[in-house]
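Here is the structure we will look at, set down as structure tokens.
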Protein chains: 2
Amino acid sequence: MAKILILGAGKVAQHLIDYLLSHSEEYDWWLTVADLNEDLAQERCGNNSRANGISLDAKDDEKRRELIKSHDIVVSLLPAFMHHIPAADCIEFKKHMVTASYVSDEVQSMASQVEEAGIQFVWEMGLDPGIDHMVLMEMIHRVQKEGGKINELRSFTGGLIAPESDTNPWKYKFTWAPRNVVLAGQGTAQYLKEGRLKYVPYNRLFQLYDEMTVPGYGDFEAYANRDSINYISKYGLTDVPTFIRGTLRKSGYCDAWAALVTLGLTDDSFPIIGSEKLTINQVIASFLPEVGPLDKIPLKKRVAEFLGIGVDDPVMFKLDWLGLFDALEINRTNGTPAQLLQDILEVKWKLQPEDKDMIVMVHKLKYSIGDELKAIDSTMVDLGEDAENTSMSRLVGVPLAIMVKLILTGEVNTPGLRIPIHEDIYIPALKELEKFGVEFNEVEKDL
Amino acid sequence: MAKILILGAGKVAQHLIDYLLSHSEEYDWWLTVADLNEDLAQERCGNNSRANGISLDAKDDEKRRELIKSHDIVVSLLPAFMHHIPAADCIEFKKHMVTASYVSDEVQSMASQVEEAGIQFVWEMGLDPGIDHMVLMEMIHRVQKEGGKINELRSFTGGLIAPESDTNPWKYKFTWAPRNVVLAGQGTAQYLKEGRLKYVPYNRLFQLYDEMTVPGYGDFEAYANRDSINYISKYGLTDVPTFIRGTLRKSGYCDAWAALVTLGLTDDSFPIIGSEKLTINQVIASFLPEVGPLDKIPLKKRVAEFLGIGVDDPVMFKLDWLGLFDALEINRTNGTPAQLLQDILEVKWKLQPEDKDMIVMVHKLKYSIGDELKAIDSTMVDLGEDAENTSMSRLVGVPLAIMVKLILTGEVNTPGLRIPIHEDIYIPALKELEKFGVEFNEVEKDL
């Protein structure tokens, strides 16, 4: 018998729970789903006698520690910045732990303790990071076993909207935490291109995108993730000249988002005092270098001039569609620009109940073998069912569930803090993921 | 008898000490100068029998608290983020305290305790903030007493270099903490213009400057300080349509600094891993959108194209003069872009021993009185003697010293946390500052 503790009962939890319960008789597993919202936790468990939904405030040390002590493995769906709390408990009580989040510095500093405790911590075991790591490492190892040398690795993932639900000019709706979308890319993107380190400051990030087409799904744009450099050594590619990880959006998104960045509307660093007394067009006007009465020159014309584009530019159409040039009331006291923008987007980009989301993942590898230069494009497109059963939540939840199974069955048995770049994880995990339709279409060509 | 404790023995301390010692017999004052560097603390005291230099690590709670307990007033020249430490002691032991720094949120939260303790905390009592507050409030109150109404207040200060020491193309040398100069303006500048809030994100700040001439001293540029809005109510000007505080540089500086910002060289948020193995031209190339071998198109030409200016533009001349396009070695491990830039500037912008600095302060007021519109321009230029006796350190040190005198003699006697916007402070302080040549040239005109 093994007891599994799931911290958090959001959308992702459902797919995780469904998978684990489908194997619970076979392996004699018992699940506890703990969330601030007890009703939600119970709802996720359905009527299954092997699962129990309970109320938990993850900051309640006593209750959380008691729970972790009485389970064998913990899956944390808590916000990323909180993982170190159950992680410390897991080390103390020698319990395994799995998450879909990036390894933070705080968690990295626990690595030797994890190893000493003889337990398994698997982080970055979701979609991106997660499935991307596994698919890339499988490709890299395959090329290397053939005697090939990787010259270029570019990997892009987008949490987007299915063509049939693609009903707004931005071709985007929220399928993931809105705040993360609004603040995406802040900092400086770092990657390697043709043997040189490249730095792209935030204010230029959305102006500098790669374009690509996925047959049957249209045209996409990719902007660089903040830190690709970290993964070069993790992937064992210390001599690769070009290495970039990025995020996909549908065509036209990046130019329009760049306009919001240039205006200053994604700034989350200061409150607009008295924002509740302003209208959104007044806020936009505050970010323009020139002032004067709004009724003389229309705001839209002034913004277009400021951005150096025509009023009929598709970018302006997208901004206009958001209502940024209208006297919309602001229902937030002393909000940051980013918060005011998020409030607008949450209405405009709301996923409707029947909307289907879409995950697109594209890996582009170039390698040399002898005198030959070759390329592999590997592409996956996965659609959700509706606003509740999203592709995003399934492709995060199922890898986590598979990892739990691999640990509890003893199939993966290497103590320490790891991410799924190792053969012992990705071979069985990718095989299992195929059952969930996670299949990549590979196109190879000679260059 | 009164005992004065000075925390910190930098350049500013000398002017503070000299003033206080010049009055120490008259008022029976005793000075303790405490610094990590005991030799420096003693050197600042000279052979004066009423002053004593000692060693102190301000983080040594026991020693610091013992010292504060045995003195009557504390002047903190510690880094701004540390003032709250002696401030808490001063509240506990009921001692007065004076600093030249901005009131931090942490110190602001102590305000009611200060008042309850019946002690005087005077913050922002240096040059800028300090002298600017006093001169502006004197002007504002004078206009208001005549029945005038302020329509516009613009106030600018620059820590610059005297014409005779102005020997480089940037017309700038470090007369103050280099790190603060390199990071200046990060965040979003906020001010009020023609009745509207204006926000200027950092990436546009140095592109958007006011120009002004100071007869005899040449042309200047002013960029907005981060937060002018805070001071509108402090100055009692709740209905003023235009209110801006800013920083002066000599003509040509802002465009060139804007180029460094656009490139990304003032970014302090991430380390360039392995910077010690790179040269500065390689780092610059990393920030350009396009890559390729450096020997094909000269870096300077590429930077000019990226910035959208000619290679012969004065901006390019300034960047070139810094050596940014050369294969300069980098002597810093994993430095941030801002640190690498600072290393270069500290060599290029070094104040030579015989260099004279220059403080320029300009206040521009517009007001209406009856049907008349009037303007006052108030200007001060002050020169230093050499790299040690800077105008900067004198104009920060002397106001602090005057404040100590006003408190110890009982001339200013209002308990609480204050800044020098009140008549009881600025009238005697400005009068005393006149003896040190701090005089403003006022030009009034009808509009």
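Some notes on this structure:
- B:GLY310, sole failed condition from (1) free of Cβ contacts under 8 Å to residues at least 24 places away in the same chain; (2) touching a strand residue (DSSP E or B) at 6+ places or on another chain (Cβ under 7 Å); (3) not aromatic (Phe, Trp, Tyr): (2)
Residues checked against (1) surrounded by fewer than 22 Cβ atoms within 10 Å (Cβ to Cβ); (2) assigned to a strand (DSSP E or B):
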{"site": "B:PRO353", "(1), (2)": "yes, no"}
{"site": "B:LEU373", "(1), (2)": "yes, yes"}
{"site": "B:ALA387", "(1), (2)": "yes, no"}
{"site": "B:SER393", "(1), (2)": "no, no"}
{"site": "B:GLU432", "(1), (2)": "yes, no"}
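- Restricted to the stretch B:1-33, and to residues there that are within 21 Å of B:ALA80 (Cβ to Cβ) and outside any helix (DSSP H, G or I), the residue that is most open to solvent (accessible area, probe 1.4 Å) is B:GLY10.
- Subset of the stretch A:434-447 (residues that are within 26 Å of A:HIS15 (Cβ to Cβ) and open to solvent by less than 90 Å² (accessible area, probe 1.4 Å)): A:PHE436, A:GLY437, A:VAL438, A:PHE440, A:GLU442
- Residue count for the stretch A:184-216 under the criterion of being crowded, with 16+ Cβ neighbours inside 10 Å and more than 13 Å from chain B (Cβ to nearest Cβ): the result is 3.
- Odd one out for A:SER368 among (1) buried (at least 19 other Cβ atoms within 10 Å of the Cβ); (2) within 30 Å of A:GLY148 (Cα to Cα); (3) not β-branched (Val, Ile, Thr): (1)
- Selection within the stretch B:137-157: residues that are buried (at least 23 other Cβ atoms within 10 Å of the Cβ) and either among the small types (Gly, Ala, Ser) or over 15 Å from the mean Cα position of the chain (by Cα) (or both). The member of this set that is nearest to B:SER233 (Cα to Cα) is B:LEU153.
- Residue satisfying condition, being away from chain A (no Cβ under 12 Å), aliphatic (A, V, I, L, M), closer than 27 Å to B:GLU442 by Cα and outside any helix (DSSP H, G or I), within set B:ILE150, B:ILE140: B:ILE150
- The stretch B:217-232: number of residues that are modelled with pLDDT of 95 or more and within 14 Å of chain A (Cβ to nearest Cβ): 4
- Residue list for the stretch A:73-118, filter: buried (at least 18 other Cβ atoms within 10 Å of the Cβ), part of a loop (DSSP other than H, G, I, E, B) and of a type in the set (D, E, K, R): A:LYS95
- The set of residues from the stretch B:217-259 being within 21 Å of B:HIS133 (Cβ to Cβ), surrounded by 19 or more Cβ atoms within 10 Å (Cβ to Cβ) and more than 20 Å from the chain's Cα centre (by Cα) comprises B:LEU237, B:VAL240, B:THR242.
- When residues of the stretch B:244-263 are limited to those that are among the polar types (S, T, N, Q) and touching a residue at least 60 places away in the same chain (Cβ under 8 Å), the one nearest to the other protein chains (Cβ to nearest Cβ): B:THR247
- Among the criteria (1) surrounded by fewer than 19 Cβ atoms within 10 Å (Cβ to Cβ); (2) assigned to a helix (DSSP H, G or I), the one A:MET403 does not fulfil is (1).
- Looking at B:ARG65, B:ARG44, just one residue is touching an Asp or Glu at 6+ places or on another chain (Cβ under 6 Å), among the charged types (D, E, K, R), touching a residue at least 24 places away in the same chain (Cβ under 8 Å) and crowded, with 16+ Cβ neighbours inside 10 Å, and that residue is B:ARG65.
- Some residue of the stretch B:54-68 being assigned to a helix (DSSP H, G or I), closer than 23 Å to B:GLN120 by Cα, among the basic types (Lys, Arg) and touching a helix residue (DSSP H, G or I) at 6+ places or on another chain (Cβ under 6 Å): yes
The values are calculated or read from the model by the stated rules, or taken from the named source; none is laboratory data. Bear in mind that the values here come from a model prediction, so they are computed numbers and not experimental data. Note: ideal-geometry Cβ built from the backbone for every residue, glycine included; neighbour counts use all protein chains shown. Side chains are part of the model used for accessible areas, which takes the heavy atoms of the whole protein and leaves out ligands, DNA and RNA. Shrake-Rupley method; radii C 1.70, N 1.55, O 1.52, S 1.80 Å.
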